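To keep things clear, I will list the structure first and then write my remarks on it.
The values are calculated or read from the model by the stated rules, or taken from the named source; none is laboratory data. Model, not experiment: these values are computed from the prediction. As a convention, Cβ positions derive from the backbone with ideal geometry for all residues, glycine included, and neighbour counts pool all protein chains shown. With ligands, DNA and RNA removed, areas are computed over all heavy atoms of the protein, side chains included. Shrake-Rupley method; radii C 1.70, N 1.55, O 1.52, S 1.80 Å.
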Amino acid sequence: MHEAAEEPESKASFRDLGSQGVQRLPSVLRVRVRRLWLSLVPIAQCAIAAGLAWFVAFDLLHHARPFFAPIAAVVSLGLSLARRWRRSAELIVGVSIGILVGDLVVTQIGSGAWQITVVVAAAMALAVFVDGGPMLPTQAASSAVLIATLLPPGGAASYQRAVDALVGGCIGLLVGALVPVNPARRARRDAAGILNTLRDLSHDLAEALRARDEDAVYRVLAAARGTQPAVDGLRADILAGREVGTLSPLYWASRDRLRKIAATADPIDNAVRNFRVVTRRALGLTQRGVAVEEPMIDIIEDIGGLFETLRAMMLAEPGQPPDPADAAREVRSVVRRARTSLADHVEDLSEAALLVELRSLLVDLLMVAGLKRSSAIAQLHLNR
């Protein structure tokens with residue numbers, strides 16, 4: 001769960017000061033500054049790759065106006081860190097298909113409006129047949145259009161475009177490998193952000209249930225439903241981290257750490273979903289005027305503390321607590337109070353269903369802490 005090395009104190013202090021300054025900005029501006037900060041490395045990668053691609057295609061290969069080389073480099077990288085291998089492959093193959101189909105068809109039927117229709121249809125159909133990727137048909141069609149309109153079939157310019165696509169795609173991957181984003185940091189940050197949100201929502205839910213405030217419970221549910229983009233971002237950054245760990249020699253040693261982070265993605269996703277179910281159950285009880293038992297509300301409050309412990313585990317520096325064993329120990333302490341014995345004091349059927357969902361949520365949290373599902377479920381059935 002930890003990164004390879006601790007940051008120097010001066011660097012960490014500088015980042016803390018910067019973070020405090022950003023927090024004082026208006027919320028709309030703060031979101032934009034954070035988005036820019038998180039995109040700085042991908043922007044730098046695209047800029048470097050574009051310049052290098054032009055240099056190779058123009059200065060070394062002597063292509064006239066090799067505009068597609070830097071375009072291919074930028075497209076293959078992009079701001080999204082995931083699936084760069086696939087984007088580069090789709091780009092190169094799509095351009096090649098478009099040039100091949102464009103040359104063959106235009107040579108036979110000439111250029112014009114209906115010829116463009118035929119060329120685009122043929123290029124896209126062949127691209128879809130080759131692979132189902134979204135970029136492949138688009139690149140095939142655009143390359144075929146160029147052949148049918150601007151570049152003469154069989155001319156050197158059309159084949160140079162294919163070489164430029166290869167140059168740009170390969171340089172994009174090379175820059176991504178040599179100027180990488182830390183493959184573990186983004187995923188850890190994403191996971192910590194989700195757990196931080198669930199921590200706050202758990203405390204809000206407990207307060208709302210104590211106050212029997214239906215509107216407050218509904219607000220918690222609405223906020224919980226809004227967490228799916230963060231979960232999707234976590235999965236995307238885990239996938240991107242795996243690619244970086246494969247491509248970049250700088251992070252080959254991080255692959256085991258990445259596997260451990262990746263193992264938390266499903267439990268965190270399930271925890272988010274189960275928390276929504278818990279909140280829906282709580283909303284139903286509140287709407288019916290049923291007062292949730294105080295021991296049950298205490299468990300919800302304690303689960304908020306568990307989310308905080310797991311968040312701290314994700315962000316802990318090497319050798320610093322809490323580690324997964326510490327987190328699992330804290331989750332077990334709450335599990336002991338949520339075992340079937342608590343159900344003896346629950347009379348309402350819906351409240352019993354709420355307890356079942358809470359126990360399911362605790363299983364997810366044990367798995368985030370590193371337990372296998374069978375071991376996590378077993379914790380609910382121990383006698384002590």
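Kindly state, to the nearest 0.05, the FRET efficiency for ASP266 paired with ALA222, given R0 = 25 Å and r defined as their beta-carbon distance. According to the calculation, E is roughly 0.55. Placing a pseudo-label 7 Å from each Cα along the Cα-to-Cβ vector at ASP131 and VAL28 gives an inter-label distance of 4.2 nm.
If you take the C-alpha gyration tensor of segment 100-145, multiply each eigenvalue by 5 and take the square root, what semi-axes do you get, largest first, in whole Å? Can you show the working numbers first?
Values: eigenvalues 73, 17, 12 Å².
Result for segment 100-145: semi-axes of 19, 9, 8 Å.
Top to bottom by accessible area (1.4 Å), largest first, where do LEU315, LEU136, LEU349 land?
Greatest to least solvent exposure: LEU349, LEU315, LEU136.
The residue among ALA327, ASN270, GLY304 whose Cα reaches farthest toward the positive pole of the charge dipole of segment 259-330, with charges on the beta-carbon of Lys, Arg, Asp and Glu, is ASN270. Extension gain, GLU294-ARG255: 0.36 nm per intervening residue step, less the Cα-Cα distance, totals 9.6 nm. By a 1.4 Å probe calculation restricted to protein chains, SER374 has an accessible surface near 90 Å², given to the nearest 10. Add +1 for every Lys or Arg and -1 for every Asp or Glu among the other residues with Cβ under 9 Å from the Cβ of PRO66, and state the total. Taking every Cβ under 9 Å from that of PRO66, the sum is +1.
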